[in-house]
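Remarks on the structure that follows.
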Amino acid sequence: MDKMKKFLTVLLISMVFCLPVMAVNEANNINLLSARGNAKVEIKPDMAIVTVAVETESKNLRDAIKENNAASDKVISNLKKVIGKNDQIKTTNFNVFPMYSPNSKRNEIIGYRVNNQVQVKTYDIVKPGEIIEIALNNGANRVSGLSYGINDTQKVCNGLLEEAVKSARKEADTLAKALGVKISGVSKVTSSCNDMIARPYMMKASFGMAEMDAAAPPLEAGETTVSAEVFVDFIIE
């Protein structure tokens, strides 16, 4: 009777404060105690990803593509001069869009827009401002995004997941003691680890401006919060 009173009391507290609760796995005929654990750390990012784009327009599709290719080649060749040997540069998207007359009822095509998106991954976190400046001054007319992150996320996440599991076990031990039960094993574990905080930076220039007198924008990487969370179903008896 005393054990049942303890169970009902703890169950009521759990429902009110969203604490772990005890359940029965009918399929395996075992009693389970679910607990959650989490851990996080704020660390300096060690990489950045900058995405820029070249957009061109022309009445003729061939001319639009030719102009875009020339501008994109200039952007890429100049970026390669300043990025580090371990940095990476690649085209992530290439699109061609027909442009329709706003006054035509027959969807009349009046030209074409070509978009070439280039992504730079750099391990020098003070470099993004210079990358943006060089891209805009050599033919790019759009900055699509900027994000900072951790290169070796697995190493950081592994440590945080260990802490999160310990947190879940500590929580389960507290509740098991209150219930008067014993933890004898683990039935199920689910986990997650989030490591990236995106920092959007949007800028668009007028079409047709092959050269822009753009200065490197002041950018601060700050710190990236890496967090891990686990949900554990403990077997109790």
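Below, the figures for the structure above:
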quantity	calculated
Scope region 170-189; condition in a strand (DSSP E or B) and farther than 14 Å from Glu237 by Cβ; matching residues	Lys188, Val189
Condition broken by Ser144, with the remaining ones in (1) within 27 Å of Val41 (Cα to Cα); (2) touching a Ser or Thr at 6+ places or on another chain (Cβ under 9 Å) satisfied	(1)
Region 145-169 - residue that is touching a helix residue (DSSP H, G or I) at 6+ places or on another chain (Cβ under 9 Å) and in a strand (DSSP E or B) and, of those, surrounded by the most Cβ atoms within 10 Å (Cβ to Cβ)	Leu146
Filter result for the condition that a residue is closer than 30 Å to Glu223 by Cβ and modelled with pLDDT of 95 or more, over Ala64, Ala39, Ala70	Ala39
Single residue of region 170-193 satisfying the filter (under 27 Å from Thr224 (Cβ atoms) and either surrounded by 15 or more Cβ atoms within 10 Å (Cβ to Cβ) or among the hydrophobic types (A, V, I, L, M, F, W, C) (or both)) that is farthest from the chain's Cα centre (by Cα)	Glu171
Region 205-237 - residue that is of a type in the set (Ser, Thr, Tyr) and either within 16 Å of the chain's Cα centre (by Cα) or at pLDDT 70 or above (or both) and, of those, surrounded by the fewest Cβ atoms within 10 Å (Cβ to Cβ)	Thr225
Given (1) surrounded by fewer than 20 Cβ atoms within 10 Å (Cβ to Cβ); (2) under 21 Å from Leu61 (Cα atoms), index of the condition Lys121 fails	(2)
Pairs with Cβ under 7 Å, 6+ apart, first in region 59-82 and farther than 29 Å from Thr122 by Cα, second modelled with pLDDT of 95 or more and among the polar types (S, T, N, Q)	Ala64/Thr56; Ala64/Ser58
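The values are calculated or read from the model by the stated rules, or taken from the named source; none is laboratory data. In this text the structure is predicted, and so the values were computed from the model without any measurement. Quick reminder, even Gly has a Cβ in these numbers, built from the backbone with ideal geometry, and neighbours come from all protein chains shown.
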